[in-house]
Amino acid sequence: LQLDPQTVALGGTQKLMNDFTYTLQQLAHCLGDLGGRIAREPLKALACITAMFLVNWQLTCLLLAFVPIAGGMFHLFGQRVKRATRRILDVVGGLYKSLEETFVNVKAVIAYDTAGQHRRRFHWQNRENYAHSMKLVRINALSAAAVELLVVSAVLVILLPAAY
């Protein structure tokens, strides 16, 4: 960040903080979208299982043997996502606090020539945020791949007796 006191005074600390808050709101929106899926997906699963019982209850019982495995996977990935999200929120909170301190005390930062120190701290915190965000992306990608592998395995186990 390379802002002079006049830019901060004209734009105001409030505008700069609002820009940063927007980023936080986007993160919250993504988390809300995940919450919507958590409510919607079990209802879809219940409807599918009911239809499957109506078609062939024996094969449905065989398929339901995969439910404990899926439950364990969802629990494991859910815990990892929760920890990663908590870390991201902590890092973003520290980043927010650092920006606020810099913007509020911009005259002192310039007077004592500590802009480089503030910039380095911001870049370090931003890299930390990026690293934690990428970890969350990897967890989400791994969970999606694991769920697809489980679904394909379940379908194969069901298709063999069904084809017989």
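The values are calculated or read from the model by the stated rules, or taken from the named source; none is laboratory data. Worth saying up front: this structure is predicted, and the values here are computed from it rather than measured. Here the Cβ positions follow ideal geometry from the backbone for every residue, glycine too, while neighbour counts run over all protein chains shown. Quick note on the areas: whole protein, heavy atoms, side chains included, nothing else; ligands and nucleic acids left out. Shrake-Rupley method; radii C 1.70, N 1.55, O 1.52, S 1.80 Å.
For the reader, a short list of remarks on this structure follows.
- Qualifying residue in region 100-114 (condition: within 30 Å of Val151 (Cα to Cα), touching a Ser or Thr at 6+ places or on another chain (Cβ under 8 Å) and not charged (D, E, K, R)): no
- Of the residues making up region 140-154, those that are surrounded by 12 or more Cβ atoms within 10 Å (Cβ to Cβ) and farther than 19 Å from Lys82 by Cβ number 4.
One line per residue, one yes/no per condition, for (1) modelled with pLDDT of 90 or more; (2) open to solvent by less than 80 Å² (accessible area, probe 1.4 Å):
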{"site": "Arg87", "(1), (2)": "no, no"}
{"site": "Val91", "(1), (2)": "no, yes"}
{"site": "Thr102", "(1), (2)": "no, yes"}
{"site": "Ala115", "(1), (2)": "no, yes"}
{"site": "Phe122", "(1), (2)": "no, yes"}
{"site": "Asn129", "(1), (2)": "no, yes"}
{"site": "Met134", "(1), (2)": "yes, yes"}
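- Residue within region 56-74 that is modelled with pLDDT under 85 and surrounded by fewer than 13 Cβ atoms within 10 Å (Cβ to Cβ) present: yes
- Taking each residue of region 61-87 that is at positive phi and looking for partners that are part of a helix (DSSP H, G or I) and open to solvent by less than 50 Å² (accessible area, probe 1.4 Å) with beta-carbon atoms closer than 8 Å, six or more apart or interchain, yields nothing.
- Residue check, Gln125 free of Cβ contacts under 8 Å to residues at least 12 places away in the same chain and more than 30 Å from Val55 (Cβ to Cβ): no
Yes or no, residue by residue, for (1) closer than 30 Å to Leu76 by Cα; (2) small (Gly, Ala, Ser); (3) out of contact with any helix residue (DSSP H, G or I) (no Cβ under 6 Å at 6 or more places or on another chain):
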{"residue": "Gly93", "(1), (2), (3)": "yes, yes, yes"}
{"residue": "Glu101", "(1), (2), (3)": "no, no, yes"}
{"residue": "Asn105", "(1), (2), (3)": "no, no, yes"}
{"residue": "Gln117", "(1), (2), (3)": "no, no, yes"}
{"residue": "Met134", "(1), (2), (3)": "yes, no, yes"}
{"residue": "Ala141", "(1), (2), (3)": "yes, yes, yes"}
{"residue": "Glu148", "(1), (2), (3)": "yes, no, yes"}
